Amino acid sequence: MESVSLSRHGASFPLHGYGYQELGFSSASSSLPINSSRGLRYRSSLHQQANLRNAAQRYCFSSIVRKCAGVSWCYLTPNKNLYNPWYNKLLSGKRNPRYVLVRSGVAKMGTHEAGYPLSEVPLSSKVRGACFYATTAIAAIFLFMLMLVAHPIVLLMDRYRRRIHYTIAKMWASLSIAPFFRIKYEGLENLPSSNSPAVYVSNHQSFLDIYALLTLGRSFKFISKTAIFLFPIIGWAMFMMGVIPLKRMDSRSQLDCLKQCMELIRKGASVFFFPEGTRSKDGKLGAFKKGAFSVAAKTKVPVVPITLMGTGSIMPPGFEGILNMGSVKVVIHKPVVGIDPEALCNEARNVIADALSKQC
């Protein structure tokens, strides 16, 4: 098994016993030398950082994780200990050893196939990304004005579902993505009627997931971080659509969010959850949190699992400034009904996991 190697002044020091698989890396090339002046940078995921810290402690290294431009980097430096062979070897270069910056050799971004360092992002993807944001911004400005005019009528006639606003949001999402990629739908017959409340759940791969879901034309209430509501135009539109705010690290806010979801369902609206809680960094389906399924069980409404495919390769998490070529597939599965939150959670996750495995 190949292992990560660190070098300074031409000397190579492998982390014995910590091959790529054990460090959480997905693949290995040859040993990876570290430049003595600037360092060859390797981005690391949270799992990889934990394994690197364990390896660093074993071999007398100090580990510091820092986040720069939305990317986490793991810095390693040998401890100043006369009994540390690494420190003695590195001191042979005359100058004090610099920090070594390490990340995985292949940065996985959304899917198993998508993975390349930032410096290797094709220029065409960057240009497409700039054009995408220009298109979505222009569409948002004009459609926001339409939403603003309709808002008083929506509050009077349809306070909870706000179907007019979601129709406008569908137009915005469709106009934004139409020039860049196509969406293929499967299982549209499994969607409940627009008048039937339900809890929708899906895997989460990319920023583009929201666009793909809005094109379904269902007025389900998303849950979003409170900070997003401060964004001009987009945040204001979310407020008018009735998107539910959430402070992620605040347990009281989480409880209030679930209560608000149940109240909306009782009023005839639907809600949408990403049960993983965040976007997948490697395309693999994460563990599901049970909040969405508790809401469904208590309100006795069906859970509608949805599988999203392809969004992670088009706009990988952490690389929101680019837009690759590709297509998206949205699979709507048959609704799941039950009164046991854990059983609902397991069944919904298994359905989505099966669909993702067939893609591979």
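The values are calculated or read from the model by the stated rules, or taken from the named source; none is laboratory data. Since the structure is predicted, the reported quantities are computational estimates derived from the model, not experimental observations. Quick reminder, even Gly has a Cβ in these numbers, built from the backbone with ideal geometry, and neighbours come from all protein chains shown. For accessibility, only protein heavy atoms count, side chains too; no ligands or nucleic acids. Shrake-Rupley method; radii C 1.70, N 1.55, O 1.52, S 1.80 Å.
Summary of values
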| quantity | calculated |
| --- | --- |
| Residue match in region 292-304 (condition: open to solvent by less than 50 Å² (accessible area, probe 1.4 Å), out of contact with any Pro (no Cβ under 7 Å at 6 or more places or on another chain) and within 20 Å of residue 205 (Cα to Cα)) | no |
| Count of region 296-315 residues which are at positive phi and over 20 Å from the mean Cα position of the chain (by Cα) | 1 |
| Residue pairs meeting the criteria (Cβ under 8 Å; at least 6 apart or on separate chains; first within 12 Å of residue 294 (Cα to Cα), in region 340-360; second open to solvent by 70 Å² or more (accessible area, probe 1.4 Å) and not in a helix (DSSP H, G or I)) | 341/290; 342/290; 345/290 |
| Residue in region 308-318 that is surrounded by 22 or more Cβ atoms within 10 Å (Cβ to Cβ), assigned to a loop (DSSP other than H, G, I, E, B) and in contact with a Leu (Cβ under 8 Å, 6 or more places away or on another chain) present | yes |
| Some residue of region 340-352 being open to solvent by less than 50 Å² (accessible area, probe 1.4 Å) and outside any helix (DSSP H, G or I) | no |
| Test: residue in region 269-277 that is open to solvent by 40 Å² or more (accessible area, probe 1.4 Å) and either more than 18 Å from the chain's Cα centre (by Cα) or more than 25 Å from residue 344 (Cβ to Cβ) (or both) | no |
| Among the residues listed as 347, 263, the single one being closer than 15 Å to residue 221 by Cα and of a type in the set (Asp, Glu) | 263 |
| Close pairs (6 angstrom Cβ cut-off, 6 or more residues apart or separate chains): more than 22 Å from residue 163 (Cα to Cα) in region 131-152, open to solvent by 20 Å² or more (accessible area, probe 1.4 Å) anywhere | 132/180 |
| In region 333-355, residue farthest from residue 284 (Cα to Cα) [restricted to those that are over 20 Å from the mean Cα position of the chain (by Cα) and small (Gly, Ala, Ser)] | 338 |
| Number of the condition not met by residue 221 [criteria: (1) surrounded by fewer than 16 Cβ atoms within 10 Å (Cβ to Cβ); (2) touching a Cys at 6+ places or on another chain (Cβ under 9 Å); (3) basic (Lys, Arg)] | (1) |
| Unmet criterion (only one of (1) closer than 22 Å to residue 332 by Cα; (2) open to solvent by less than 10 Å² (accessible area, probe 1.4 Å); (3) under 22 Å from the mean Cα position of the chain (by Cα)) for residue 198 | (3) |
| Subset of region 169-195 [of a type in the set (Ser, Thr, Tyr) and touching a residue at least 12 places away in the same chain (Cβ under 8 Å)] | 174, 176, 185, 194 |
| Only one of 175, 216 that is under 24 Å from residue 355 (Cα atoms), out of contact with any strand residue (DSSP E or B) (no Cβ under 6 Å at 6 or more places or on another chain) and at pLDDT 95 or above | 216 |
| Residue tally, condition open to solvent by less than 20 Å² (accessible area, probe 1.4 Å) and at positive phi, over region 134-180 | 0 |
| Where residue 334 falls short, out of the listed (1) assigned to a strand (DSSP E or B); (2) open to solvent by 20 Å² or more (accessible area, probe 1.4 Å); (3) modelled with pLDDT of 95 or more | (1) |
| Test set (1) modelled with pLDDT under 95; (2) assigned to a helix (DSSP H, G or I) - residue 195 fails condition number | (2) |
| Matching residues, region 240-268, being open to solvent by 40 Å² or more (accessible area, probe 1.4 Å) and among the polar types (S, T, N, Q) | 251, 254, 260 |
| Hey, residue 332 in contact (Cβ under 8 Å) with a residue 24 or more places away in the chain, under 30 Å from residue 179 (Cα atoms) and touching a Pro at 6+ places or on another chain (Cβ under 6 Å) or not | no |
| Of the criteria (1) modelled with pLDDT under 95; (2) within 21 Å of residue 222 (Cα to Cα), which one residue 124 fails | (2) |
